[in-house]
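Here's the structure, in structure tokens; my notes come after.
The values are calculated or read from the model by the stated rules, or taken from the named source; none is laboratory data. Note that the coordinates shown come from a computational prediction; the quantities given were computed from them, not determined experimentally. Here the Cβ positions follow ideal geometry from the backbone for every residue, glycine too, while neighbour counts run over all protein chains shown.
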4 protein chains.
Amino acid sequence: MGKGRLEAFSDGVLAIIITIMVLEMKAPHSADLNALRPLLPLFLSYLLSFVYIGIYWNNHHHLLHSLQQVSGGILWANLHLLFWLSLFPFVTAWIGENHFAAAPTAVYGLVQLFAAIAYWILQRAIIARQGTDSLLAAAIGKDFKGKLSPALYVIAIAATSIAPWIAWAIYVAVALIWLIPDRRIERALAERSKPDQ
Amino acid sequence: MGKGRLEAFSDGVLAIIITIMVLEMKAPHSADLNALRPLLPLFLSYLLSFVYIGIYWNNHHHLLHSLQQVSGGILWANLHLLFWLSLFPFVTAWIGENHFAAAPTAVYGLVQLFAAIAYWILQRAIIARQGTDSLLAAAIGKDFKGKLSPALYVIAIAATSIAPWIAWAIYVAVALIWLIPDRRIERALAERSKPDQ
Amino acid sequence: MGKGRLEAFSDGVLAIIITIMVLEMKAPHSADLNALRPLLPLFLSYLLSFVYIGIYWNNHHHLLHSLQQVSGGILWANLHLLFWLSLFPFVTAWIGENHFAAAPTAVYGLVQLFAAIAYWILQRAIIARQGTDSLLAAAIGKDFKGKLSPALYVIAIAATSIAPWIAWAIYVAVALIWLIPDRRIERALAERSKPDQ
Amino acid sequence: MGKGRLEAFSDGVLAIIITIMVLEMKAPHSADLNALRPLLPLFLSYLLSFVYIGIYWNNHHHLLHSLQQVSGGILWANLHLLFWLSLFPFVTAWIGENHFAAAPTAVYGLVQLFAAIAYWILQRAIIARQGTDSLLAAAIGKDFKGKLSPALYVIAIAATSIAPWIAWAIYVAVALIWLIPDRRIERALAERSKPDQ
């Protein structure tokens, strides 16, 4: 079974998720520029979620690149990931409406956490099919980012009880970690983890 | 005529159906965690419908895999299936808003029943084109699940007059029947139906 | 320039149009079966529009099948068709909310008329590129349906001033004309138009 | 890494953007033809935005045509463009609701400006990858339209403080500049910029 339709379906779902989030930004009835001000939190949460879905699409693209045969387990691990990502428009809207309040901020982190776990499961399912000596297994061998992100989400969720802005700083930081091109970080990490070579 | 566009169009429609269901979950105005509680029934019905659309996509994927030539009949049998599946967001929202009440539960089963019949018609149309000695005809020869599901939907619809939860138990059970990998079940059924070999 | 993206983009737009129409059917707040009754006109108009978009997708599929090179003119003729089709969810919702009243019925016919004209322009643009002795030009040479439909839409629009149901009978009839497989009708028409051969 | 998924994802997002804009046109409750009159500004802004997204899709199609290898920079430059285009439904709805008032008209121009800049960045990223002696670099070498458009958007934004209709005349003019087939304009410009050859 080929991976073509798996990619097409995932692309479709991710394209819809990334686009319908903007539907939550309702056009204000007033023609005044100030009428946009209450929408700013929603705009910022939309921007962050857009970047996150972009990162997931980007990584998903790489993850499936080396895949050749799709198993039932991979199909469902992929749908599981799409399920958690499909909750992004909901949590993004909730955050935007409540101006980065504590509870929506924590739930945002929770959905992020589950999406990260789902991504990890999908990664495991693909490696399980390809063998641990595959290119993918080698490429993500160290998987520093993949392990750091869930830990940071847990810290962020806990931090919402102190101050939501700490959690937001963490969410933005995680996005930046993924946005910075891999090569330099991976080289740095490679040197750090193999100091005697 | 190739099957590429039939797959692409079906993938698009299924991706939209599975994603717009979540639009029915409106972000609560309150920033309180308790504000999520009234959304729980909608979340659960969304989860079940997500799994069902996932199962349909998965099976649709397999069904079209062996297909090479698309006829007008297959195109319309496919659109007929997509029509019933397109009603999932509506019935899912109705269930969620009425906390699994009897009437929405029965209508959910009815839409499921029509979708199952539409899937069976599509299957027949494809086998009719490929011949009864084709791979697909052999693969679904026994088609135990395909025959069991509509019967269970009818029982579930009838059961809503007694208690909606019986219907829900059946809907979840049907989803689990399809989720469990085929091989073991089919082997078991094959042995049961051929006791003297 | 290939036609792959033209097909993919058109499939995407048509898949979204056909699916978001159902979003206009809002889940009733009541859990009563009778609460579905006011939605019946919307359901019927959704069903008709679903069939029409299905017919357009089907014909679009055939139209582009013989195409190999895409020109700027074809791209814009295609977008022009998609524009009129994108108004289907709006007119479908308007009809459904007003239970097949005269004005929405006439506007529905108008959008149908413009979509039919746009389809005809796209057909001309493709034939212009391929030459009048191409397969497509031969296949649609007589183009009985393509000429009959706009005429029927005009009659239907005029008929709404007498009684909307006449227009609906015509819309359903046009859909049926397109749904009935071509071969028999075309053979019959071919014989009628060439009585002395 | 191939460009297939980049195209598929972009097509999906653009198809959704172009289609969900029409969701902002809510079907009026009245069955009267006059009930459509208040929707006319929204219809006109929808039409203009439809044409703009069509132009972007068209140009995007050409831009990626010559591309063979996708880099991380190109992926993100593409997502950046899609982000600004995803705001079109919002600004289109705001304009339509406020009948082409000054502030929404200026914000529409701002989103257009950012989209144009994002398109320019994507173009740069692709040329950077292919080399300045590539086909694309040659094709857009003069890039008269690409430089003129942002300048016109800035003028339009400033003009909203005098009268919004000036800005609208400019937006329509920019769309027409892009709609007119390239060949004649480019030939004219080529002759004007090389008078001594």
* Exactly one condition in (1) under 23 Å from A:LYS3 (Cα atoms); (2) in contact with a helix residue (DSSP H, G or I) (Cβ under 8 Å, 6 or more places away or on another chain); (3) more than 8 Å from chain C (Cβ to nearest Cβ) is not met by B:LEU82; state its number. => (3)
* Could you pull out the residue among D:LEU40, D:LEU14, D:LEU44 that is within 20 Å of C:ILE18 (Cα to Cα) and among the aliphatic types (A, V, I, L, M)? => D:LEU14
* Check on B:ALA8, within 7 Å of another protein chain (Cβ to nearest Cβ), more than 30 Å from B:GLN130 (Cβ to Cβ) and of a type in the set (Gly, Ala, Ser) -> no
* To do: Scan segment A:115-124 and give yes if some residue there is away from chain B (no Cβ under 14 Å), touching a Gly at 6+ places or on another chain (Cβ under 7 Å) and not polar (S, T, N, Q), otherwise no.
  => yes
* Does any residue of segment B:41-57 turn out to be out of contact with any Phe, Trp or Tyr (no Cβ under 6 Å at 6 or more places or on another chain) and at the interface with another protein chain (Cβ under 7 Å from one of its Cβ atoms)? -> yes
* Asked: Quick one: would you say C:LYS3 is more than 7 Å from every other protein chain (Cβ to nearest Cβ) and at pLDDT below 85?
  -> yes
* To do: Look at segment B:90-105 and say how many of its residues are at the interface with chain C (Cβ under 8 Å from one of its Cβ atoms), more than 10 Å from B:SER49 (Cβ to Cβ) and among the hydrophobic types (A, V, I, L, M, F, W, C).
  => 5
* Asked: Going by the conditions given, is D:VAL13 of a type in the set (Val, Ile, Thr) and at the interface with chain C (Cβ under 7 Å from one of its Cβ atoms)?
  -> no
* Could you tell me which numbered condition D:ASN98 fails, if it satisfies all but one of (1) under 27 Å from A:LEU179 (Cβ atoms); (2) touching a Pro at 6+ places or on another chain (Cβ under 6 Å); (3) among the polar types (S, T, N, Q)? => (1)
* To do: Considering only segment A:162-192, state which residues are modelled with pLDDT of 85 or more, small (Gly, Ala, Ser) and either part of a helix (DSSP H, G or I) or touching a strand residue (DSSP E or B) at 6+ places or on another chain (Cβ under 7 Å) (or both).
  => A:ALA167, A:ALA169, A:ALA173, A:ALA175
* To do: Please work out if B:GLY72 is crowded, with 23+ Cβ neighbours inside 10 Å, at the interface with another protein chain (Cβ under 8 Å from one of its Cβ atoms) and not hydroxyl-bearing (Ser, Thr, Tyr).
  => no
* To do: Would you check if there is a residue in segment C:3-21 being touching an Asp or Glu at 6+ places or on another chain (Cβ under 8 Å) and not in a helix (DSSP H, G or I)?
  => no
* Any helices (runs of 4 or more DSSP H) falling wholly within segment C:46-144 and containing at least 3 residues that are at pLDDT 85 or above -> C:72-86, C:88-97, C:102-130
* To do: Scan segment A:16-30 for residues that are over 23 Å from B:GLY54 (Cβ atoms) and facing chain B (nearest Cβ under 8 Å) and report the count.
  => 2
* Determine the pairs where a residue that is closer than 24 Å to B:GLY12 by Cβ, located within segment B:26-54, has a partner that is outside any helix (DSSP H, G or I) with Cβ atoms under 7 Å apart, the partner being 6 or more residues away or on another chain. => B:TYR46/B:MET25
* Could you please let me know if B:VAL91 is crowded, with 20+ Cβ neighbours inside 10 Å and either within 30 Å of C:ALA8 (Cβ to Cβ) or under 15 Å from the mean Cα position of the chain (by Cα) (or both)? => yes
